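The values are calculated or read from the model by the stated rules, or taken from the named source; none is laboratory data. Owing to the predicted nature of the structure, the values given are computational and were not obtained by experimental measurement. Cβ placement follows ideal geometry from the backbone for every residue including glycine, while neighbour counts extend to all protein chains displayed.
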Amino acid sequence: MPNGAQALLTTLADAGVTVCFTNPGTSEMHFVAALDSEPRMRAVLALFEGVATGAADGYARMAGKPAATLLHLGCGLGNGLANLHNARKGKVPVLNIVGDHATYHVPLDAQLQSDIETVARNVSPGFVRTSQSTAALCRDAIDALQAARGLPGQVATLILPADVSWGEGGQPCPPPPPASPQPADAAQIEAIAAAIRGGGKVALLLGGQALREPALLSAAKIAARHGVKLHCEVFPTRLERGAGLPAVERIAYLAEMASLQLREFDHLVLVDAKAPVSFFAYPGKPSQMVPDDCTVHVLAAPEQDAVASLARLAAALDAEQATPTLQSASRPSRPRGRLTAPKVCKAVGHLLPEGAILVDEAITSGLMLGAMTAGCPRHDLLTLTGGAIGQALPNAVGAAVACPHRPVVALVGDGSAMYTIQSLWTLAREQLNVTAIIFNNASYSVLNVELDRVGAGQRGGPKARAQLDLHGPVLNFAEIAQGMGVSARRVSTAEEFCRAFEDALASPGPRLIEAMVPEALNGTKRRVLPWLLRSLPNLPRPLAQALKRKIAP
Ligand SMILES: Cc1ncc(C[n+]2csc(CCOP(=O)(O)OP(=O)(O)O)c2C)c(N)n1
Ligand SMILES: [Mg+2]
């Protein structure tokens with residue numbers, strides 16, 4: 001008879017969960033020991049829980065199935081929370097396994113005792129369960145997996161007491177049945193088709209499942225036949241884009257620009273997406289981005305089959321045979337001279353290989369990334385779904401584990417990179433094919449912009465500015481990377497960057513390029529931005545759109 005942990009690992013592997021991102025402690029030792037009895041399970045050690053959880057997120061986005069985590073009690077779970085939050089917001093399936101004290105040890109309130117369920121509920125609202133016995137463990141795991149893999153995908157937390165893990169009499173369980181989500185029903189389809197035929201201006205807002213090729217093609221056929229506009233949510237979980245695919249315009253991060261994008265529409269059709277709201281509230285500005293006179297329709301809620309719903313809508317609109325507009329191939333030229341963030345984006349667009357996985361947490365340095373890579377060979381884009389920074393390097397770990405034959409390129413702000421910098425060690429240990437590009441602008445640059453936008457800028461003195469400034473000491477990412485076994489280069493010209501990027505792409509295993517850049521929004525640009533954003537609603541539409549394209553294309 002296997003013990004609980006052994007039976008659990010068999011059950012997970014039988015169900016196709018074959019990767020576990022771990023950061024264990026004493027209460028997880030039987031799980032750790034059982035890893036050697038299940039050859040199908042790959043265990044990847046992370047040196048901080050936020051790396052393990054972000055890797056599980058990145059893995060599932062690319063593999064289309066969940067990985068497991070293995071975290072140590074409430075404190076370990078707490079350390080991993082931010083990236084579980086990003087997974088939750090991205091509707092990404094994660095089987096979040098948290099070890100606990102033995103059941104009889106809990107009342108003794110030992111040093112590491114804490115309320116794990118309460119910590120978990122925030123990121124795992126749909127499924128938190130503490131397994132109560134070895135006999136029930138595998139059933140609990142299957143229930144958790146079923147919850148994680150359903151639509152929408154979610155973080156499901158299984159809490160595993162040490163005695164449940166070491167107890168004899170584990171009983172492996174068969175895999176759960178696949179989810180069978182329903183598409184929109186005939187009435188739903190007909191109402192939306194009527195709105196589209198009605199002649200008003202219509203946009204489809206695509207999110208979640210609707211950002212992969214089959215759904216994009218259906219949407220693009222509808223667009224070609226009926227002139228509707230295709231938008232995509234501001235931070236897509238996984239967007240397939242590039243030459244040969246339909247292009248969709250992302251909703252802007254800056255609320256004023258998002259309002260501008262949406263203000264012309266009479267109807268907004270949500271396809272596995274939420275009606276956009278402003279990222280933060282700003283004094284005197286609206287939080288809702290959808291204009292009052294725009295009717296919002298739901299073609300597919302997150303629990304519905306968005307791909308089939310779009311196909312049905314295309315059929316109802318007689319658009320199945322329409323020729324969709326596809327992005328044409330084009331690349332920017334090779335940049336030259338002193339390095340800036342837009343030049344890094346340009347170089348990435350110039351060189352990005354076919355089939356790359358682009359992970360974007362470049363914050364202000366990535367403003368030009370979308371425009372510069374639009375016509376690149378097809379690739380996937382993963383973004384900061386929940387706004388909790390420290391996601392890109394762990395996501396890159398997971399994406400590379402999921403897709404070992406695809407190049408992963410992670411673009412990360414220096415501030416963001418430091419939250420989960422231990423990812424570099426896992427990249428080196430697993431020899432993952434990742435190029436990490438760190439923008440060293442020695443600043444939490446976006447917060448300087450926000451300081452002004454929330455209206456606190458005038459009151460911000462030197463102490464306030466110092467909280468957003470990363471000078472003294474300036475971080476040296478090339479040295480940090482070398483210290484974790486990742487070969488790295490610090491570059492300050494476009495020529496050096498291009499050469500370093502070419503080298504990185506040509507060699508297997510991880511590389512880091514530290515791009516020494518000035519802040520993308522600094523000096524005059526930063527000073528005029530709040531004023532410009534305030535005036536956008538009052539400018540003639542073509543002028544406002546041209547300005548938007550210039551600042552955040
Ligand atoms: C977990 C978490 N902590 C803090 C923040 C607040 N925050 C948002 S952006 C940012 C700084 C980003 O700096 P960097 O990555 O260097 O990008 P830059 O603004 O310089 O382009 C911070 C601290 C956050 N979003 N998430
Ligand atoms: Mg920065």
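Remarks
- Considering (1) in contact with a Pro (Cβ under 9 Å, 6 or more places away or on another chain); (2) within 16 Å of ligand 2 (Cβ to nearest atom), the lone condition that PHE477 does not fulfil carries the number (1).
- The set of residues in region 374-407 that are assigned to a loop (DSSP other than H, G, I, E, B), within 22 Å of VAL517 (Cβ to Cβ) and not aliphatic (A, V, I, L, M) comprises CYS376, GLY390, GLN391.
- Residue match in region 380-397 (condition: crowded, with 23+ Cβ neighbours inside 10 Å, at pLDDT 95 or above, within 12 Å of ligand 1 (Cβ to nearest atom) and of a type in the set (D, E, K, R)): no
- Restricting attention to region 411-457 and to residues that are in contact with a helix residue (DSSP H, G or I) (Cβ under 7 Å, 6 or more places away or on another chain), within 15 Å of ligand 2 (Cβ to nearest atom) and part of a strand (DSSP E or B), the residue that is nearest to PRO510 (Cα to Cα) turns out to be ALA436.
- Sub-9 Å Cβ pairs linking a first residue in region 358-373 that is under 12 Å from LEU521 (Cβ atoms) to a second residue that is within 12 Å of ligand 1 (Cβ to nearest atom) and hydroxyl-bearing (Ser, Thr, Tyr), at least 6 apart or interchain, are ILE363/SER416; ILE363/TYR444; ILE363/SER445; THR364/SER443; THR364/SER445; SER365/SER445, ordered by first then second residue.
- Residue under evaluation CYS294, criteria (1) crowded, with 17+ Cβ neighbours inside 10 Å; (2) over 25 Å from the mean Cα position of the chain (by Cα); (3) more than 30 Å from ALA179 (Cβ to Cβ); (4) in contact (Cβ under 8 Å) with a residue 40 or more places away in the chain, criterion not met: (4)
- Some residue of region 441-456 being surrounded by 13 or more Cβ atoms within 10 Å (Cβ to Cβ), within 20 Å of ARG338 (Cα to Cα), at pLDDT 95 or above and aromatic (Phe, Trp, Tyr): no
- When ARG541, ARG511 are checked against the criterion of being crowded, with 20+ Cβ neighbours inside 10 Å, of a type outside the set (A, V, I, L, M), in contact (Cβ under 8 Å) with a residue 24 or more places away in the chain and in contact with an Asp or Glu (Cβ under 8 Å, 6 or more places away or on another chain), a single residue qualifies: ARG511.
- Within region 458-480, tally of residues that are in a helix (DSSP H, G or I) and either under 30 Å from VAL397 (Cβ atoms) or of a type in the set (Asp, Glu) (or both): 4
- Yes/no for ALA220 being over 20 Å from PRO324 (Cα atoms), surrounded by 17 or more Cβ atoms within 10 Å (Cβ to Cβ) and over 19 Å from the mean Cα position of the chain (by Cα): no
- Counting the residues of region 398-417 that are more than 8 Å from ligand 1 (Cβ to nearest atom) and out of contact with any Ser or Thr (no Cβ under 8 Å at 6 or more places or on another chain) gives 9.
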